[in-house]
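Down below is the structure, laid out as C-alpha cells.
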Amino acid sequence: MATLKVPVHVPSPSEDAEQLRKAFEGWGTNEQLIIDILAHRNAAQRNSIRKVYGEAYGEDLLKCLEKELTSDFERAVLLFTLDPAERDAHLANEATKKFTSSNWILMEIACSRSSHELLNVKRAYHARYKKSLEEDVAHHTTGEYRKLLVPLVSAFRYEGEEVNMTLAKSEAKILHDKISDKHYTDEEVIRIVSTRSKAQLNATLNHYNTSFGNAINKDLKADPSDEFLKLLRAVIKCLTTPEQYFEKVLRQAINKLGSDEWALTRVVTTRAEVDMVRIKEAYQRRNSIPLEQAIAKDTSGDYEKFLLALIGAGDA
Amino acid sequence: IGVDEKSLISILTNSNEEHKRSLRKGSSKLFIEDENGFERWDQSSIKILKHQFNRFRDAVVLSLLHPWERDARLIEKAIRKGPKHYNVIVEVACTRSSDQLLGARKAYHSLFHHSIEEHLTHIKGRERKLLVALVSAYRYEGTGVNEDVAKSESQILYEAINNGDKNKLLDHEDAIMILATRSKQHLQALYRHYSQSYDKNLAQDLEGEGILKDTVECLCTPQTYFTRVLEAAVKEDADEESKRALTRVIVTQKEQLVKEGFVPNKIQDILLGLYKDFMLASIASGDIK
C-alpha cells in the first residue's frame, strides 16, 4: 500500500503549475512549496501538472526543477516527479552506463515490478532511448550476470495465482540439486527463476524449505563473498518478498553499508506509491525504530522533508 | 479459399429429391450405384471433399480469431506437436510487430494460464534457448541503426558460424542475444554488412541449420521465408502439414502479401484448379450459375 498522501481537495493542474512557477521566481527557490505540491500528488496528477506547465510556460517542468534545485533534494524531486514507467526507464538506462552501472538496479526493476509495470517501462525505454531495454542490458552486461539479467528483464510473467504443486515439488528438487553442485548459473536455475509466475515460484520455494530443511537463500549463502550469489539471493527476495528486500536496502543505505549511493532516494521515490506501508512495517520490525526516525537521523533539510512527506509523515 | 460456397448452397437448398437423385446419378466420381438400389458415396472422393471443407473451415476459423488469440494458439499447438513445427514459433515471434507479439503473449496468459516461456520448458532440445529468447523479445521499432555495431555483430555471427562448431550454434550466447534483442532494422543492416564483408549471405551460410535459418530469414528477409513456405505447400507431393502452412501464411499475411503484390500466380492457379475440378466432377449438369 502507498504512503503518498494526497489532499482531499486537490487544486487543478494549472493552479499547481502556477504555484510551482511562482516557487521558481525571484531570488532563491521556495522549496517548501515544491514539497507541498509535488510530494502530495499521485502519478496521474503529476503528469497533468507537467503537461500544463509545459503548455503554459513553454518549458519542461523537470528542466526547471533541475535548474533550481541541487544535490540529493534535486535528484529525489526529479525522480519522484517522473511518471513511474519513465522513472524506471531512466534508472535502468543509468544502470547500463559505464560509470553508473549497476546490475542491482536492473535486477530490482525487473523483479519487483509487476508484469504490466515492466511492460510500460520497456515502452517508455523505446520512446526515450530509441533502443530496447533488453538490447542495452545484453550489450552492457557480461558473463553470468548477462545470463541472468537478460531473461529477467525480458520476462512477461503470468500474473495469476494458480499453482501446480507437483511442478513446485519437482522444480524445488532441480534447484536443490543445482545449488548443491554449485551450478548457480545452470540453465534450469535461470529458467525457473526468470519464467515462472511469482505465485508458482513462491510455492516452489516453500516446497524447497519443507523438503530440504533450509530456505533457499540460506543454501545460496554457501560463499558469502560471491557477488553473483548475492544478486541471485536478491532476485529471489525481490520476486517473493519485495518489502523485505527493500527493507534491507534501506537499512544498509541508512547505516552507510555498501556502495549503493542513491539507494535511499531510489527506494523511497519508487515505492511511495506502491508498497511503502509494508516496507515501513518490515523496517520497524527489523530495526526497532520507525523508518521516519531513521531517515530523520540520517538526512537533513529539504531532502529530509521531501522523503518524510513521501513516506507519509505529516499531513496531506 | 476455394469452395464455391454460393453455388453449393443454391444447389443444395433449391434441389428437391428428384433433382438431388439426378445429381448423384450424374456424379459418377462421388456416387456409385449400389446393388441395393441407392447411389452410394465413394469413400475416397468424399474424403477429398471433407478435406477441402476442413481446410476451408480452418481458414475461416483462423481468419475470424483475434490475431492475438490466433498467434497464441498457433504457438501452443506448435509446442505440442514437436520439433518439426518449431518454425511456426519462429514465424510468429519474428514476423509480427513488437506489439502484436506482446498481444500474443497476453492472450497466451488468458488462454493457457502460463506464459509462453513457461510452456517452452516442455521442449527438451537445444532449440529451447533460442525459442525462449525470440518469444520474449520486445524489439525497438524505430529507425536509426548504429552501423559500426551492426558491422561488428555481423563479424561475431560470421565467426560463430564459420570458425566455431556449427553444432554449437544454438548455444552460442552472443549470437542468440544479437538475434533476440536487436531491432529488425539493426539486423537487416547486419545482414547487409555480412553480405558485403563475406561475399555470401547470412541465410545461405545457415543452410541446414533449421530454425536458425528460419530466424534470420523471418527477421531480415521475410519474403524469402514466406515464399519458401508457400512453394513447399503447392508442390505436387506436399504433405498435409505443408498444405496447412498455406492456409496459415495466407490468412496471417494477407495484408502483407496483397501490399507487396506478392501472391504468386502459381498459388491462385492451383487453388482454383483443385476446386474447379472438384466442382465439375461433382455436378454433372452444366447449369451452375
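The values are calculated or read from the model by the stated rules, or taken from the named source; none is laboratory data. Just so we're clear, the structure is a prediction, and the values are computed from it rather than from any experiment. Don't worry about glycine lacking a Cβ; one is built from the backbone with ideal geometry, like all the others, and counts go over all protein chains shown.
Observations
- Selection of helices (runs of 4 or more DSSP H) fully inside segment A:174-288 by the criterion of at least 3 residues being under 30 Å from B:Ala133 (Cα atoms) and touching a Cys at 6+ places or on another chain (Cβ under 7 Å) returns A:227-240.
- Here B:Ile123 meets the list (1) within 17 Å of B:Val88 (Cα to Cα); (2) facing chain A (nearest Cβ under 8 Å) almost entirely, failing just condition (2).
- Within segment A:84-140, the residues that satisfy the criterion of being of a type in the set (A, V, I, L, M, F, W, C) and farther than 30 Å from A:Asn202 by Cα are A:Phe99, A:Ala127.
- Boolean, A:Glu162 is over 22 Å from B:His113 (Cβ atoms) and either at pLDDT 95 or above or among the acidic types (Asp, Glu) (or both): no
- The residue that is farthest from the chain's Cα centre (by Cα), among those in segment A:289-313 that are closer than 18 Å to A:Asn42 by Cα and not in a loop (DSSP other than H, G, I, E, B), is A:Lys305.
- Scanning segment A:113-127 for residues that are hydroxyl-bearing (Ser, Thr, Tyr) and either touching a Lys or Arg at 6+ places or on another chain (Cβ under 6 Å) or more than 13 Å from A:Pro84 (Cα to Cα) (or both) gives a single hit, A:Ser115.
- Some residue of segment A:293-314 being basic (Lys, Arg), out of contact with any Lys or Arg (no Cβ under 6 Å at 6 or more places or on another chain) and farther than 27 Å from A:Thr185 by Cα: yes
- Pair list, Cβ < 9 Å and 6+ apart or interchain, from segment A:10-29 residues that are in the same structural domain as A:Ala43 (by the TED database) and basic (Lys, Arg) to residues that are at pLDDT 95 or above and crowded, with 18+ Cβ neighbours inside 10 Å: A:Arg21/A:Tyr53
- Just one of the listed residues (B:Arg96, B:Arg139) is facing chain A (nearest Cβ under 7 Å), among the charged types (D, E, K, R), over 15 Å from B:Ala78 (Cα atoms) and crowded, with 18+ Cβ neighbours inside 10 Å, and it is B:Arg139.
- Residue in segment A:183-225 that is modelled with the lowest pLDDT, counting only those that are closer than 20 Å to B:Glu117 by Cα and of a type in the set (Val, Ile, Thr): A:Thr185
- For A:Val121, the stated conditions do not hold, so it cannot be described as assigned to a helix (DSSP H, G or I) and under 17 Å from B:Ala133 (Cα atoms).
- The selection criterion, being in a loop (DSSP other than H, G, I, E, B) and surrounded by fewer than 18 Cβ atoms within 10 Å (Cβ to Cβ), holds for B:Lys124.
- Segment A:84-132: number of residues that are more than 10 Å from every other protein chain (Cβ to nearest Cβ), farther than 19 Å from A:Ile236 by Cα and basic (Lys, Arg): 4
- Flag if B:Leu179 is in contact with a helix residue (DSSP H, G or I) (Cβ under 8 Å, 6 or more places away or on another chain), within 13 Å of another protein chain (Cβ to nearest Cβ), under 18 Å from B:Val88 (Cα atoms) and touching a residue at least 12 places away in the same chain (Cβ under 8 Å): yes
- Taken over segment A:174-187, the criterion of being closer than 29 Å to B:Leu111 by Cβ and more than 9 Å from chain B (Cβ to nearest Cβ) is satisfied by A:Ile174, A:Leu175.
- Condition met for A:Leu79 (more than 14 Å from chain B (Cβ to nearest Cβ), crowded, with 16+ Cβ neighbours inside 10 Å and out of contact with any strand residue (DSSP E or B) (no Cβ under 9 Å at 6 or more places or on another chain)): yes
- Remark: pairs (first residue in segment A:295-309, touching a residue at least 40 places away in the same chain (Cβ under 8 Å); second residue among the basic types (Lys, Arg) and assigned to a loop (DSSP other than H, G, I, E, B); Cβ separation under 8 Å; 6+ apart in sequence or on different chains) = A:Ala309/A:Lys5.
- Of the residues examined, A:Ser194 is one that is within 14 Å of chain B (Cβ to nearest Cβ), in contact with a Leu (Cβ under 8 Å, 6 or more places away or on another chain) and closer than 25 Å to B:Ile123 by Cβ.
- All positions within segment A:133-173 that are at the interface with chain B (Cβ under 8 Å from one of its Cβ atoms) and either touching a Cys at 6+ places or on another chain (Cβ under 9 Å) or in a loop (DSSP other than H, G, I, E, B) (or both): A:Ala155, A:Phe156, A:Arg157, A:Tyr158, A:Glu159, A:Gly160, A:Glu162
- If you filter segment B:127-136 down to residues that are touching a residue at least 24 places away in the same chain (Cβ under 8 Å) and touching a Leu at 6+ places or on another chain (Cβ under 8 Å), you find that the one that is surrounded by the fewest Cβ atoms within 10 Å (Cβ to Cβ) is B:Glu127.
- Figure legend. Inter-residue proximity from segment B:160-171: first residues assigned by the TED database to the domain that holds B:Ile211, second residues surrounded by fewer than 18 Cβ atoms within 10 Å (Cβ to Cβ) and outside any helix (DSSP H, G or I), beta-carbon distance below 8 Å, spacing 6+ or different chains. Indicated pairs: B:Lys166/B:Glu209; B:Leu169/B:Glu209; B:Leu170/B:Arg126; B:Asp171/B:Arg126.
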